[in-house]
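So the structure is just underneath, and the comments pick up after that.
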Amino acid sequence: MITIPLTGTSPLSHRFSYSISPLYELAASLHTLAQPTPPERFSNWSQEKLSHLQIVRLMKDWEYFLPLFRYGIPDTFDPYQTKGVMAVNDQYEYFVTIPTDQFVRSMLPSLEAWSQHHSLPEVSEDLREDSDYVKGRFSLFVSSYWQLSFESNWEVVAPLFVKEAERIHHALEDADSIVSLLQTILPSIRYDSDSDSLACPIEGPACEVETLILYPSHYYFSEPLLSIKEGNAHLLYSFTTPSVSNKNAL
């Protein structure tokens, strides 16, 4: 259980904030594309995007890296780590400067999950024999995917993030509003009037944190994910509404 105190005279913005990561959205879109049966709201989009990968000649690289995205998203895309990585040059530099051993470690959970259902993919063998080659090819694929295919999607969904940021900002005006907003994201969050704090269920020992960072996502389609990193609480969630999900261009 995580508890977040609401007492004190500090503005709520000192305890609650949000962050947006275009690079994480790129990775979440690849996770969607890697699904044999994508979520219904992304079904048409996935078909169109896969066809476009053929047109821009990225399909061979995509099939090579698909095992890294079928059962999850590598930690190198974590929105907490990539929150300042914006333009394509920043993205390429981000992966180029990641130490190779760190890059390999971040890929292992995805490959382990893949191996439970399939034979070892080519990328797994290459990581073992020439990890620098895989890292370089991966960096080039990510930057190419952004430039040739995903950037147009980001231009469409970016205004949706602005609206979600405004919703969060307005909710920080008073405690009732932020509690109400958080419960729309994670209904299991509870307000404890005795201690004037929020109680957030999570596996592991109970702890108190000073801040909660929200990570709204369009392409993330799983249940809200609450975690603790460096002493702060982090909540990743999908903010897509039904009206948005019907727009195939997204």
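The values are calculated or read from the model by the stated rules, or taken from the named source; none is laboratory data. In this text, all values refer to a predicted model and were calculated from it rather than measured experimentally. As a convention, Cβ positions derive from the backbone with ideal geometry for all residues, glycine included, and neighbour counts pool all protein chains shown. Note: areas computed on protein heavy atoms with side chains; ligands, DNA, RNA excluded. Shrake-Rupley method; radii C 1.70, N 1.55, O 1.52, S 1.80 Å.
Quick notes on this one:
- Here the calculated FRET efficiency for SER188 and SER10, from their Cβ-Cβ distance with R0 = 41 Å, stands at 0.95, rounded to the nearest 0.05.
- Shape category assigned to the range 107-240 from the gyration tensor of Cα positions, a/c cut at 1.5: oblate
- Note on the chain: GNM, Cα springs under 10 Å; of HIS118, HIS218, HIS52, the largest mean-square fluctuation is that of HIS118.
- Shape call, the range 1-47: gyration tensor on alpha carbons, a/c limit 1.5: prolate
- Trypsin sites (Lys or Arg not before Pro) restricted to DSSP loop in the range 1-81 with at most 11 other C-beta within 10 Å: ARG57
- Area of ASP101 that stays accessible when all protein chains are in place (1.4 Å probe, Å², to 10): 90
- Ligands, DNA and RNA left out, the accessible area of the chain computed with a 1.4 Å probe is 51% carbon and sulfur.
- Simple spin-label estimate for VAL162 and ASP90 gives 1.7 nm between the two label positions (7 Å along the Cα-to-Cβ direction from each Cα).
- Where the chain is the region considered: accessible area per residue in Å², 1.4 Å probe: 50
- Computed on the range 1-84, with alpha-carbon pairs under 8 angstrom and 6+ residues apart, the relative contact order is 45 percent.
- Close Lys-Lys pairs in the chain, where close means Cα under 17 Å and separation is 8 or more or interchain: 5
- The accessible-area ordering, largest first, of the residues HIS31, HIS170 stands as HIS170, HIS31, per a 1.4 angstrom probe.
- Cβ-based charge dipole, the chain, positive-most Cα from LEU225, SER17, GLY136: GLY136
- The range 39-145, Cα convex hull volume normalised per residue, Å³: 121
- Counting all C-alpha pairs of the chain, share separated by more than 22 Å (%): 58
- Note on SER19 and ASP75: their simple-model spin labels are 1.5 nm apart, each label 7 Å out from Cα toward Cβ.
- For the range 105-143 and the range 198-234, distance of Cα centres in Å: 28
- FRET efficiency, ARG137 to CYS207 (Cβ-Cβ, R0 41 Å, nearest 0.05): 0.55
- ILE228 versus GLN47: modelled label distance in nm, points set 7 Å from Cα along the beta carbon direction: 4.6
- Ligands, DNA and RNA excluded, the heavy atoms of TYR220 present near 30 Å² of accessible surface to a 1.4 Å solvent probe.
- Efficiency of FRET between LEU108 and GLU129 - r from beta-carbon atoms, R0 25 angstrom, step 0.05: 0.95
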